[in-house]
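Asks: Following this message is one structure expressed as structure tokens.
The values are calculated or read from the model by the stated rules, or taken from the named source; none is laboratory data. What you see is a predicted model; the values in this text were computed from it and never measured. Ideal geometry is used to build each Cβ from the backbone, glycine not excepted, and the neighbour counts take in all protein chains shown. Ligands, DNA and RNA are excluded from the accessible area calculation, which covers all protein heavy atoms including side chains. Shrake-Rupley method; radii C 1.70, N 1.55, O 1.52, S 1.80 Å.
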Amino acid sequence: MNSSDFAQWSLDVIREEGASLSWLEEQRFDWTNPLSLALEQILNSKTVILITDEKRKWFESYILTSINTLKLDRPLLPIVSIDSLYQHYSYINGGEMIDVVEDMISLSYKDDYIFWYVGKGDDKRADIAKRQDSSYFWIFDEEFHNGFTLKSHDKMLDIKLLQLYKLFDASLSAAMFGEVDVSS
């Protein structure tokens, strides 16, 4: 299977969910292209450093609690929050301090990591992820390389985030178990 097969696999999963996920059907290529790149990196043993804007802290907690739940029959995913690596991350202003944090992360993870950012594109918490070509984004109100774009004013945004997470999790499991090939 190639990335077009991953798009078909995703479409099949979206359609199985029925009307609740129908909004994603038209955007599936916008969804599958960056996701396949992120999954490929995850399958190559990179640690995921999760960053959200302040309004999505609840979602960060949800992901960190859910992704490695005891009920899963798959290997554990190395995922951490940027805040667990540097508790003062929210207070960083300017490129020099981002450089210092990025150096610390590079030393710790030997450059075997990717950033996964969820939130508004203009939030300063996105800055470190935007500096890395390999970062993965669920970004609001802006188009960005390796990103899936959502609207921050969407009344269904929180529900859509949960639906996207469910699809991300299913995609991760399918890729880990060879049910779908995400390599480019």
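Asks: Taking the chain on its own, what percent of its Cα-Cα pair distances exceed 19 Å? Numbers along the way, then the final one.
Replies: Working: 9687 of 16836 pairs.
Of all Cα-Cα pairs in the chain, 58 percent lie more than 19 Å apart.
Asks: Based on the mean of other beta carbon atoms within 10 Å per residue, what is the order of 155-165, 71-81, most packed first?
Replies: Details: 155-165: 14.9, 71-81: 12.2.
Taking the mean over residues of other Cβ atoms within 10 Å, the ranking is 155-165, 71-81.
Asks: Could you tell me the distance between the Cα centroids of region 129-182 and region 1-63, to the nearest Å?
Replies: 4 Å
Asks: In whole percent, what relative contact order does the chain give with Cα contacts below 8 Å and a gap of six or more residues?
Replies: Values: 233 pairs, mean separation 55.3, N = 184.
It rounds to 30 percent for the chain.
Asks: How would you rank 30-40, 125-135, highest first, on the average number of other Cβ atoms within 10 Å across their residues? Provide the component values of the computation, followed by the final result.
Replies: Values: 30-40: 20.7, 125-135: 18.9.
Top to bottom by mean Cβ count within 10 Å: 30-40, 125-135.
Asks: Still on this structure, please answer the following. Please work out how much length the chain gains when fully extended from K124 to K110, using 0.36 nm per residue of separation minus the C-alpha to C-alpha distance, in nm with one decimal. Walk me through the intermediate numbers first.
Replies: On the way: separation 14, 0.36 × 14 = 5.04 nm, distance 2.46 nm.
Extra length from K124 to K110 when fully extended: 2.6 nm.
Asks: Roughly speaking, what is the stretch gain from S183 to L64, that is 0.36 nm per residue apart minus the C-alpha to C-alpha distance, in nm to one decimal?
Replies: Going from the current span to full extension adds 40.3 nm.
Asks: From the phi angles alone, apply the Karplus equation (6.51, -1.76, 1.60; θ = phi - 60°) to region 48-55 and give each ³J(HN,Hα) in whole Hz, x where the residue is Gly or Pro.
Replies: Listing the rounded values in order: 9, 9, 8, 10, 10, 6, 4, 5 Hz.
Asks: Which far-off residues, 5 or more places away or on another chain, put their amide H under 5 Å from the one on F148, with H placed in the peptide plane?
Replies: Hits under the 5 Å cutoff: F137, W138, I139.
Asks: Please report the orientation-averaged projected area of region 131-174, defined via the convex hull of its C-alpha atoms, in nm². Each step should come with its number before you reach the end.
Replies: Working: hull surface 14.2 nm².
Answer in nm², one decimal: 3.5.
Asks: What accessible area per residue comes out for region 1-124, rounded to a whole number of Å², with a 1.4 Å probe? If you can, show how the numbers build up before the last one.
Replies: Numbers: 6640 Å² over 124 residues.
Using a 1.4 Å probe on heavy atoms only, each residue of region 1-124 averages 54 Å².
Asks: As I understand it, the value is the acute angle between the Cα axis of helix 57-66 and the longest principal axis of the Cα atoms of the chain; what does it come to in degrees, rounded to 10?
Replies: 60 degrees
Asks: Here's another thing I want to ask about it. State the extension gain, in nm to one decimal, for the chain segment bounded by I79 and L43, taking 0.36 nm per residue of separation less the distance between their alpha-carbons.
Replies: Numbers: separation 36, 0.36 × 36 = 12.96 nm, distance 1.26 nm.
So the extension gain works out to 11.7 nm.
Asks: Ignoring everything except DSSP H segments at least 4 long, calculate the 222 nm mean residue ellipticity for the chain; use -39,500 (n - 2.57) per segment, divide by total residues, nearest 500.
Replies: On the way: 7 runs with 84 residues, N = 184.
That calculation yields -14000 deg cm²/dmol at 222 nm.
Asks: Which ³J(HN,Hα) values in Hz, rounded to whole numbers, follow from the phi angles of region 130-141 under the Karplus curve 6.51 cos²θ - 1.76 cosθ + 1.60, where θ = phi - 60° and Gly and Pro get x?
Replies: For region 130-141, the Karplus-derived couplings read 5, 7, 10, 5, 8, 5, 10, 10, 10, 10, 9, 6 Hz, x marking Gly and Pro.
Asks: Quick one: which residues, 5+ away or cross-chain, put their amide H under 5 Å from the amide H of D154? H built at 1.01 Å from N.
Replies: none
Asks: Here's another thing I want to ask about it. Once you put a point 7 Å from the Cα of M176 and another 7 Å from the Cα of R131, both along the Cβ direction, what distance in nm separates them?
Replies: The answer from the label model is 3.1 nm.
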